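Each remark here refers to the structure printed beneath this line.
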Amino acid sequence: MAFGIENRRNALETDLFPKLKAEAEALNPKLIIIDPSADVFGGDEINRSQVRKFVSMLRGLAMDLDCAVLLLSHPSLTGLNTGTGTSGSTAWSNSVRSRLYLEVPKGSNGPHPYKRTLKVVKSNYGATGEEIAMRWDNGVYVVDTGDDPAVVSMTNRAADDVFLAVFLKMTDQGHRLSPKPCSTYAAKRVAEHSDAKGYPTLRGLCRR
């Protein structure tokens with residue numbers, strides 16, 4: 001049920017809004033999330049006057065309750081294609097204090113199914129352009145920090161130990177191994193050995 005509806009008198013009827021405010025006053029939240037705008041805004045999304053009044057209602061709610069209000073909205077096809085994430089009247093962006101855009105990054109093979117980028121496209125009290133890499137993990141989005149340096153270091157050290165053990169074993173058995181890519185290339189021959197324990201990184205160890 002929408003709580004912002006434009007009537008004939010060009011005033012916002014807010015049948016649901018007082019209920020939302022009363023509930024918020026009882027809970028005293030620090031953040032109110034409204035999702036999505038299409039389900040709560042009953043006006044014309046391309047009507048600048050209506051949009052500004054609606055956003056003003058939310059701003060008043062935030063000021064009265066000393067909390068933040070986050071309004072989620074889906075971008076139009078134009079907003080998707082341009083990377084701006086906008087939809088409807090420019091008042092949706094101009095009337096708010098800040099705006100974030102969660103988009104699907106595109107790689108060499110097209111959009112990545114699990115990764116997202118959260119971009120700061122507007123901030124009245126801060127810098128814009130900041131991006132936060134995120135990824136889908138077990139039902140939620142989490143910050144994508146990439147590979148953990150400590151884990152990478154431990155993996156490389158373990159691979160080095162395995163490589164050296166297999167290399168010494170093969171040379172003791174009379175195998176002639178070369179540091180250069182050829183039929184006796186050490187990285188390849190060691191990686192193929194049954195004692196290599198399946199470490200795929202062994203193929204590149206001799207190049208480091």
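Only the coordinates and a few stated rules stand behind these numbers; no lab work does. Computed from a predicted model, the values in this text were never measured in an experiment. FYI the Cβ positions are ideal-geometry reconstructions off the backbone, even for glycines, and counts take in every protein chain you see.
Taking 45 Å as R0, compute the FRET efficiency from the Cβ-Cβ separation of Ala26 and Lys115 and round it to 0.05.
0.70
Please list, by residue number, everything in segment 19-47 whose backbone N is under 16 Å from a paramagnetic label point 7 Å out along Cα→Cβ of Ser56.
Residues 43-44, 47 qualify, since their backbone N sits under 16 Å from the label point.
Report the FRET efficiency, 1/(1 + (r/R0)^6), for Cys67 and Asp195, where r is their Cβ-Cβ distance and R0 is 45 Å, rounded to 0.05.
So, using R0 = 45 Å, E works out to roughly 0.15.
In the structure displayed, which of Lys30/Lys119; Lys19/Lys115; Lys30/Lys106; Lys30/Lys122; Lys53/Lys106 lie more than 32 Å apart, Cα to Cα?
The pairs that break the limit, which is 32 Å between Cα atoms, are Lys19/Lys115; Lys30/Lys106; Lys53/Lys106.
Can you tell me what share of the DSSP beta bridges in segment 70-191 is antiparallel? A percent to the nearest 5 is fine.
Close to 95 percent.
Mind checking the full-extension length gain between Ala158 and Arg176? Use 0.36 nm per residue of separation minus the Cα-Cα distance, one decimal, nm.
4.1 nm is the gain from fully extending Ala158 to Arg176.
Roughly how many nanometres apart are two label points built 7 Å out from the Cα toward the Cβ at Val142 and Ala127?
Between Val142 and Ala127, the simple spin-label model gives 2.8 nm.
Counting alpha carbon pairs within less than 8 Å and at least 6 residues apart, what relative contact order, in whole percent, applies to segment 33-123?
24 percent
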